[in-house]
Every structure is written in C-alpha cells, then in structure tokens.
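Report on the structure given below.
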Amino acid sequence: HVSTPLMFALCTLSVLLSLSSAGESKARSCSEVRQAYNVQGFSLVNVPHQEISGEHLRVCPQGYTCCTSEMEDKLNQQSKLEFENLVEENSHNMRTTFVSRHKKFDEFFLELLDNSEKSLNSMFTRTYGKLYMQNSEVFQDLFTELKRYYTGGNVNLEEMLNDFWSRLLERMFQLLNSQYHFTDDYLECVSKYTDQLKPFGDVPRKLKAQVTRAFIAARTFVQGLMVGREVANRVAKVNVVPACVRALTKMLYCPYCRGMPGLKPCHNYCHNVMRGCLANQADLDAEWNLFIDAMLLVAARLEGPFNIEAVIEPVDIKISEAIMTMQDNSMQVSAKVFQGCGQPKPSGIGRSARGISDVFSTRFRPYTPEERPTTAAGTSLDRLRVVWRTMQHSVIDIKEKLKESKRFWSNLPDDICAKGKLAESDEEQCWNSHTKGRYFPEVVKEGLTNQVNNPEVDVDITRPDTLIRQQIMALRVMTNKLKNAYNGNDIYFQDSSKFFSLSGVWMCRWRRDK
C-alpha cells in the first residue's frame, strides 16, 4: 500500500507534467519566420501563422514547423542560388586579377611591337630613303611574323628569323652588286651561304637567342594568364548536385522551419557542408598551385635580361649594325659567293646603276638617344621606357597576386565559412543541423576522397566532376608550356590545340581573346 501523502505527491506531479506537456504542444507563432521569408522576396500565401505538424518535410526536421512543402521547395532553390553566388563572390577578386592583368600585358606587348616597327621604319627611311622603302616589305614581314607568333600563330621563331636574314642578304647582295644580273636560282644559292659567310657578323645569332627567349616567355606568360582566367571562370560556375542542395538547405534555411530564422550555422558544421559541396574544386588545388609556381618562374624571366623590352626596343639599332657589317665585308662576301655559286652575268646596264650601291654604302650612324626618331604618334621612344617601367611594377604586382591565389580552391570552404560572415562565431548559440547548440562531429579534410565520412553531405567519391578533371588537364598542359618557356624552349601550338579540342575545354584555337 502507498501512503496517502505519497499518493498525493505523485498525483500532483502527474498533473504538473501533463500541464507542462500541454504547454509545449501548443503551437508557437511563425511571425518572425513570415517576416524573414518575406524579406527573401517570397509570397506569404500558404505560409502558416503558427507552427504546424512537419511530417511533410523531406529535408528539415519533422517536428512542429513553420514550413510547408512549398516553402521547403523554394528554400531548396534559394540555397542553391545562394551557394552559387557565394562561390562567385569569393572567387571574384582572384578571377578579376587574371582578366585585368591579361588585358594589360597583351596591350603592352602589342604596343611595344608597334612602336619598335615604327621606330625602325622612321630611322631607315631617314638613312636610306627610297632604297629602304623599295625593300621595306622584308622588315614589315619580320614584324608581321613576330606579331603572328605572339598572338598565337603557329610560327617557328628560329626558322622565321633565319628566313629574314636570308632575304636581307639576297636584297643587299643584289644592291651591292647591281652591275650583275641574278636569277632566282642564283639568289637561292646566295642565301645558302648565310651561315657559312656570316655576312652580318654575330648580330643574327645574338638576336635570335634574345628574340626567341623573350617572345617565348612573353607569349606563354600572357597565355598563362588567359588559361588561369578561363579555368577560374569555369570552376567558379559550380555544379551543385542534389545531395549538396539538401545539405545547404538544411544548414541555411531549416532554422526558419524551426522558428529561428536569425540563427546562423555553427562554424564546423558550415565547414563540413562546404567541403562536401566543394570537394571537386579542392582537387583542382594541387595542379593549380603547380601552375601558379610555373607562372611565377616565367614572370621572373620577364624581369630579367631576356625581357621583351630589352630585345625589341633597340632592334632597329641591331639590324643597322648587321647592315654596316655586311657593307664592310661586301668585297669578301661577294668574292666567296662568286666562287661558290659561279660568276654572274653582267646586267648590261651602264655605270649609272652603280649609283645604287654607292648610295646604299653610305655609312649608317646610329642615333644617340636624344636623336632617335619619334613614333608615328609623335611620342618619343623614351615614352616606351616609361611604359616598360610601369610594366615592371605590374610584373611585381601580378607576382604578388599570383602568390595570393595559391591554395585558393582548397581554402574556399574556409573563406565562405569565415566566422561572423556566414557562420556563427559563438559555438554554443548556433544551428547544429537540428537545433540551437554545439556542433559535435569533426571537420573532414578537403578533397573528394576525404568526403567518404562527411556527416552532412552524401558525396559519391567514385564519380569525379568531369568539368573539374578537364580543367586539371588544361592546367597541366599550360604548366608544361610555362616550364619549357622558362628554359627557353617552345612547345608549338599544335600540341595544345590538339589537347584542347580533345578535352572539349576550348575550341582548337589560341588566338587572342578580344
């Protein structure tokens, strides 16, 4: 038997418990949720005023809720959109760096080439007058081919430069021996003596070494900026799989359904969701870092003795030196050519024709810096040196920006989940996936294979993202080209074109993207 006082106490406790239970089951107001939901731009039609039973929910906890099925669907879509925007925003500065620097370098190199051509044209017109103008296409073709190479044309620089010196030798040989008639076959024989006779001294060899290294570095660096830009833009347009959308909705908007719309997710909880959703992007990081290191190597080339400005700015002086050397050695060169190719027939034209070689043989005196001709735009080439100095600062700037972009993709979840930004800094007052309180699971490591134990996102680690794999391959090809450019070796563009058409990343083109 139970004593009367004890029986009374038990009855009182039972009544209190039932009252407490009745108080809990009484539906709470959804006014805060309605307000927050409306701020998101959604209609309040079908949004409950008080909590309802949540058996219909597929993502959020199924207790009493402020969410209908329609609301959950809308919040699903909103989560996907917000995540895409977060990735876009967090990668914006890095992507803008590649866009702006690519444009700046590209414009500079083309300006440098144009100015160099104008300088040579102006100088040679003053020095040789009509004689130069009658043969100017030899020099124009040189600059046309240099531009074509730089802008992605399939030009073999060494062969092109050899061809330039051979053509120049043919023209000068004719002008210096104008009393003779030369057939095309004879002139072809003359050009074969270019290497043997060295009519232009050591200038062609030195210029070839400088031009090839400078142009390989310049072209590859600018294209590296283009590839970095393309890869970053493609990867930033993230492919959000359904499992990720569910995890995002649960993290960002299930607090709404629980009547706590202002509650931010716990920091570690946010990390797990983002590492799951950005697992493939993190896998890009290893190849991205190698690409950035290779870009930094080539940037160092742009600052060194083989920088493009040091080669192109005085190219007119170098070619004029070669012409003077040829003039000085014209007797010996002609004698050896006649010996090897045979005695040419006289042209049958009188002595007046000899005047051409007399005019051509006038000693060429290089301009001092003060006397150097101005460009067609009327600005001195000293202006180009100012541009180059600006460019050097730009190289330093881009090197810093490139260094900052290392480990960008593996750090992206951390950047997005920065405390106080998206996630809550108070580890006790945050959304832990089902209520307000501490989040206990450990944070998984980044990368696809590490998501096998992710408690928040169901990631299929057997199916890597195809687009990300293509970008990894694109970076690998570019890194290889950059390393070769650093060593002064060119990889002709059939290789990369073939790859890009194969991967479907880019069409088979390496033209400048305007």
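The values are calculated or read from the model by the stated rules, or taken from the named source; none is laboratory data. Quick caveat, the model's predicted, so the values are computed rather than measured. For neighbour counting, all protein chains shown are included, and Cβ atoms are generated from backbone atoms with ideal geometry for every residue, glycine included. In case anyone asks, the SASA skips ligands and DNA or RNA and just uses the protein heavy atoms, side chains included. Shrake-Rupley method; radii C 1.70, N 1.55, O 1.52, S 1.80 Å.
Details
- Cβ crowding within 10 Å averaged over residues, with 269-278, 51-60, 448-457 ranked highest first: 269-278, 448-457, 51-60
- Shape of the stretch 207-315, Cα gyration tensor, a/c cut at 1.5: prolate
- Over the stretch 202-246, accessible surface divided per residue gives 32 Å², non-protein components excluded, 1.4 Å probe.
- Cα-based reach from Lys206 at 28 Å (exclusive), listing lysines while leaving out same-chain residues under 8 positions away: Lys118, Lys147, Lys192, Lys198, Lys318, Lys336, Lys481, Lys483
- Protein heavy-atom surface of the stretch 105-248, 1.4 angstrom probe: 45% of the accessible area is carbon and sulfur, with nucleic acids and ligands not counted.
- Working ranking of peptides 204-217, 94-107 by packing, defined as the average number of other Cβ atoms within 10 Å per residue, highest first, is 204-217, 94-107.
- Mean Cβ count within 10 Å, highest first, over the residues of peptides 465-477, 396-408: 465-477, 396-408
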